[in-house]
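Before any comments, here is the structure.
The values are calculated or read from the model by the stated rules, or taken from the named source; none is laboratory data. These numbers were taken from a predicted model, which means no experiment stands behind them. Heads up, the Cβs are rebuilt from the backbone with ideal geometry, glycines too, and the neighbour counts pull from every protein chain shown.
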Amino acid sequence: MTKRIRVSTFLKKLGEGISEPLIVLGDDNERYILKNQKVESKEGFVEFNCMFLNEILSSRIANYLDVPVPKFAIAELDKRILENGPALRFFHRFTEGTHYASKEIANTESNLRENFKMLKDMGKPYISRTWNRFYESIVNKEDIAKIIAFDLLIANFDRYNNTGNLLVAKTENGRKLFSIDHGHAFFGPVWNTDKIGSLKSAGISKEYLDLFINSFLMIYPNKGYMGGLGEVFRAIENNIDLENCLNHSFQLVVHKIESIQESIVNDWFNDIPDIWFVDKISQSGFYKHFLLNQKSLVRWLIQAMADRGAFSNYRGGNLQWIEKIAGTV
């Protein structure tokens, strides 16, 4: 069961993200990052009505796959907190009710989006080398393959369309990489016909695989190789070992993904506030359909990425996988 907290007080605004997250103190005396589904766009205010659902599902899937993510909670924001802090309502557009909250990670070094912006503003050359050095000493390099496979499973491409939603924190074991911000997973934070169509279309077909790769992993037109994945992806991908097709970095995590059964997916939907759904029955059905089909496609997507130059340690050939036990879903 997901932890539930009450927001005790607002502490400060965090960064410049479009959801304008806040640092709050929970009634458990822990600090949390509280997000808002009402965001400002060029067209005015938009309701990201799938963002909390995307976040909690992604966090539960990440925990299943042992992907390093912050602990999370369902946070109750009381109207008395809003009355005592009118800026929360008028400037940050928070309303009373349940919100998704992720526990603040201590001793973080940087959100890479902010760090990248700083380097660009400074006109610093050799940004790729800077990122490479940044990741050289993290203690959980083996988790990078998990993060990439996880992103393919949940259709999370927000990490690669910008400078990357990754966090590095100093822990007692050393510098550790965390995956954060999954509100744009599952083809976006808004429930609409485009999102529904994308969730429905998952299947082992050339048309779907090509669409998935071309549209979301941004292959350069007519050149056939991967591009647009960003400096952060280029910095982390060299930790992926694909030199031996018989024994490579993605085998274990893909085996765990392919071992997902319907009962596991059903459990991920338990205990989610009804208000986080637009249409609970319909949405749950489409999300479950997508996950139960997408789990079998991750290996094919990784092979397609490798074939098109996404991984510098790949030397060619067909990647081999741990096959499922006969009789499993």
**Asked** Can you tell which of Phe187, Phe150 is buried (at least 21 other Cβ atoms within 10 Å of the Cβ) and within 24 Å of Asn313 (Cα to Cα)?
**Response** Phe150
**Asked** When Thr130 is evaluated against the numbered criteria (1) modelled with pLDDT of 70 or more; (2) in a helix (DSSP H, G or I), which criterion, by number, is the only one it fails?
**Response** (1)
**Prompt:** Looking at the stretch 140-157, which of its residues are of a type in the set (Val, Ile, Thr) and touching a helix residue (DSSP H, G or I) at 6+ places or on another chain (Cβ under 7 Å)?
**Reply:** Ile144, Ile154
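Condition check ((1) over 30 Å from Ala235 (Cβ atoms); (2) in contact with a helix residue (DSSP H, G or I) (Cβ under 6 Å, 6 or more places away or on another chain)) across all residues:
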| site | (1), (2) |
| --- | --- |
| His248 | no, no |
| Val278 | yes, no |
| Ser282 | yes, no |
| Phe286 | yes, yes |
| Phe290 | no, yes |
| Ser296 | no, no |
| Ala306 | no, no |
| Ile322 | no, yes |
**Request:** Might you let me know whether the stretch 263-281 holds any residue that is farther than 23 Å from Thr2 by Cβ and in a loop (DSSP other than H, G, I, E, B)?
**Result:** no
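How many of the residues making up the stretch 9-27 are surrounded by 14 or more Cβ atoms within 10 Å (Cβ to Cβ) and touching a residue at least 24 places away in the same chain (Cβ under 8 Å)? Break it down stepwise before answering.
Taking the stretch 9-27 and keeping what is surrounded by 14 or more Cβ atoms within 10 Å (Cβ to Cβ), we get 10-11, 13-14, 17-26.
Still in the list and also touching a residue at least 24 places away in the same chain (Cβ under 8 Å): 10, 13, 17, 19-20, 22-24, 26.
So the count comes out to 9.
Out of the residues in the stretch 190-217 that are among the β-branched types (Val, Ile, Thr) and within 18 Å of the chain's Cα centre (by Cα), state the one that is surrounded by the most Cβ atoms within 10 Å (Cβ to Cβ).
We begin by selecting, within the stretch 190-217, every residue among the β-branched types (Val, Ile, Thr); these are 190, 193, 196, 204, 213.
Still in the list and also within 18 Å of the chain's Cα centre (by Cα): 190, 213.
Details: Val190: 16, Ile213: 19.
Looking at the filtered set, the residue picked out is Ile213.
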**Prompt:** Looking at the stretch 157-170, is at least one residue basic (Lys, Arg), in a helix (DSSP H, G or I) and at pLDDT below 95?
**Reply:** yes
**Prompt:** Which is touching a residue at least 12 places away in the same chain (Cβ under 8 Å), in contact with a Lys or Arg (Cβ under 7 Å, 6 or more places away or on another chain), surrounded by fewer than 20 Cβ atoms within 10 Å (Cβ to Cβ) and not assigned by TED's automatic domain parsing to the domain that holds Phe187, of Glu40, Glu47?
**Reply:** Glu47
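Yes/no matrix, rows are residues, columns are (1) at pLDDT below 95; (2) part of a helix (DSSP H, G or I):
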site: Leu11; (1), (2): yes, no
site: Asn49; (1), (2): no, no
site: Asn54; (1), (2): no, yes
site: Pro70; (1), (2): no, no
site: Ile81; (1), (2): yes, yes
site: Arg89; (1), (2): yes, yes
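Answer yes if at least one residue in the stretch 25-32 is basic (Lys, Arg), in contact with a strand residue (DSSP E or B) (Cβ under 7 Å, 6 or more places away or on another chain) and either modelled with pLDDT of 90 or more or assigned by TED's automatic domain parsing to the domain that holds Lys195 (or both), and no otherwise. Even if it seems obvious, please write down each step before you answer.
Taking the stretch 25-32 first, the residues basic (Lys, Arg) are 31.
Now drop any that are not in contact with a strand residue (DSSP E or B) (Cβ under 7 Å, 6 or more places away or on another chain), which leaves 31.
From the residues that got through so far, the ones that are either modelled with pLDDT of 90 or more or assigned by TED's automatic domain parsing to the domain that holds Lys195 (or both) too are 31.
Among the residues of the stretch 25-32, at least one is basic (Lys, Arg), in contact with a strand residue (DSSP E or B) (Cβ under 7 Å, 6 or more places away or on another chain) and either modelled with pLDDT of 90 or more or assigned by TED's automatic domain parsing to the domain that holds Lys195 (or both), which makes the answer yes.
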**Prompt:** Pick from the stretch 297-329 the residues that are buried (at least 17 other Cβ atoms within 10 Å of the Cβ) and of a type in the set (Gly, Ala, Ser): which of them is modelled with the highest pLDDT?
**Reply:** Ala306
**Asked** Restricted to the stretch 50-82, and to residues that are of a type outside the set (Val, Ile, Thr) and farther than 30 Å from Glu142 by Cα, which residue is surrounded by the fewest Cβ atoms within 10 Å (Cβ to Cβ)?
**Response** Arg80
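Quick grid of which residues meet (1) in a loop (DSSP other than H, G, I, E, B); (2) touching a Lys or Arg at 6+ places or on another chain (Cβ under 6 Å); (3) over 18 Å from Val298 (Cα atoms); (4) at pLDDT 75 or above:
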{"site": "Asp181", "(1), (2), (3), (4)": "yes, no, yes, yes"}
{"site": "His184", "(1), (2), (3), (4)": "yes, no, yes, yes"}
{"site": "Phe187", "(1), (2), (3), (4)": "yes, yes, no, yes"}
{"site": "Gly203", "(1), (2), (3), (4)": "yes, no, no, yes"}
{"site": "Phe212", "(1), (2), (3), (4)": "no, no, no, yes"}
